[in-house]
Amino acid sequence: AVIRKTTPGSYKLSFPGCGVSHGLRGTLFAHGLREQVDVVRRYLDAFTKAGNTVQVNFVGLSRGGIGGLYLAQELACFSVSQVIVNLLLFDPVPGNLVWMASILDVAGQMNANQAMDVSFVGNLGRVDVLYPYEPLPAIAFHAPLLAKFPPGCKLREDAILGCHQGALFLHPRADTCLAFAMIRDFLEECGSRLDTHRQLARDLNLPSKKLADMLTQELQHCTPSTRFAHAPVGGSEIVRHPKGQYLNRYHQALLQRLGRGPPTAAAQG
C-alpha cells in the first residue's frame, strides 16, 4: 500500500491491482484482495481507537471493485457514528464465469458469491456503481457483479459507455470524459479534494455543457448490446437499448441541471 497524508485529517491509501501484486492468480481470480482489505482495516482500527470519526471514500476498478465490497463487509462492525463507507465501484468484476458461480459453487467460495451480499452493512453512505455496456468474451472472466445493497444507502447504479478499462483510457472521448466526470463528482461530493489542473485531468474535465452535447451526440449511435452479469437474480444483464431519450441516468441528471429537456428527435438522429 502507498499511504499519503493529503490534507489535515485526510489520508490516501492506494494499492496496485491484484494482478500486479499477486500475478496470474490476482489477474484471473482476484487473489490478494483480502490482504489489501486487512491493511485498510488496521488503519481504521487505529483511527477509531484514537476517538476519531472516519469517512472512507473508496474507488475501485474491476477486481478492485470487488475489493470495495469486501471492505464494506469488513467494516460493517463499526457503527455509523464511527465509520461511514462511501463506495464507487467501476465495473466490479469478480473473475468468475457466471454459470460456474451460479451452478457449481454450491459452497459459495467464489468471489462472485462471497461479495454478492452487502445488504447487512449498516454504515454504507453513498454507493455509485458504474457498468460499461460493451461486453468482453466470456473467456476473459469479465462478467460484472450486481451486488445486493442495503435499502438505507444512497445507491446510484448506471450503465456507461466503453468496454471495461477502455472507458478509462486517457483520451478525451465521450466514454472517458463521462467516466472521469462521474468519478470526479463522486469524490468531490463526498468531500475529497481533486487537482483538476494537471494536464491529463484538464483534457478530460470538460465543462458541463460540452459534456452534455457530447453525450447527446452519442445517442445517434445505434449499438444495442447485452452483457451477462453475476446477480442475486439469474439472467441479469447490462443492456444498451437501440434508442432512448437519454444516454443514461447521469446524462438525464446533467441535462436537468443545465435546465434542458430531453434531446430532440433531430439531435438523437
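The values are calculated or read from the model by the stated rules, or taken from the named source; none is laboratory data. Keep in mind that what you see is a predicted model, and the values were worked out from it rather than measured. Don't worry about glycine lacking a Cβ; one is built from the backbone with ideal geometry, like all the others, and counts go over all protein chains shown.
Being in contact (Cβ under 8 Å) with a residue 24 or more places away in the chain, among the β-branched types (Val, Ile, Thr) and farther than 26 Å from VAL93 by Cα is the filter here; which residues of segment 187-236 pass it? Passing the criteria: only THR216. Set side by side, the residues PHE90, PHE120, PHE58 differ, and just one is touching a residue at least 24 places away in the same chain (Cβ under 8 Å), aromatic (Phe, Trp, Tyr) and surrounded by fewer than 21 Cβ atoms within 10 Å (Cβ to Cβ), which is PHE120.
Is it the case that segment 92-100 has a residue that's modelled with pLDDT under 95, farther than 25 Å from GLU237 by Cβ and out of contact with any Pro (no Cβ under 8 Å at 6 or more places or on another chain)? No, segment 92-100 has no match at all. Take GLU188 and tell me if it is under 27 Å from LEU13 (Cβ atoms) and of a type in the set (Asp, Glu). Spelling it out, GLU188 is indeed under 27 Å from LEU13 (Cβ atoms) and of a type in the set (Asp, Glu). Per the conditions (1) under 17 Å from PHE186 (Cα atoms); (2) aliphatic (A, V, I, L, M); (3) at pLDDT 95 or above, the sole criterion not satisfied by LEU61 is (3).
Go through segment 45-94 residue by residue and tally those that are touching a His at 6+ places or on another chain (Cβ under 6 Å) and more than 15 Å from MET182 (Cβ to Cβ). Break it down stepwise before answering.
First, the residues of segment 45-94 that are touching a His at 6+ places or on another chain (Cβ under 6 Å): 91, 93.
Among the residues that remain, those that are also more than 15 Å from MET182 (Cβ to Cβ) are: 93.
Within segment 45-94, residues that are touching a His at 6+ places or on another chain (Cβ under 6 Å) and more than 15 Å from MET182 (Cβ to Cβ) number 1.
Across segment 244-264, the qualifying residues are those that are of a type in the set (Lys, Arg) and surrounded by 12 or more Cβ atoms within 10 Å (Cβ to Cβ), and the one among them that is nearest to ALA147 (Cα to Cα) is ARG249. Scanning segment 2-29 for residues that are surrounded by 13 or more Cβ atoms within 10 Å (Cβ to Cβ), modelled with pLDDT under 75 and among the aliphatic types (A, V, I, L, M) yields one hit, LEU28.
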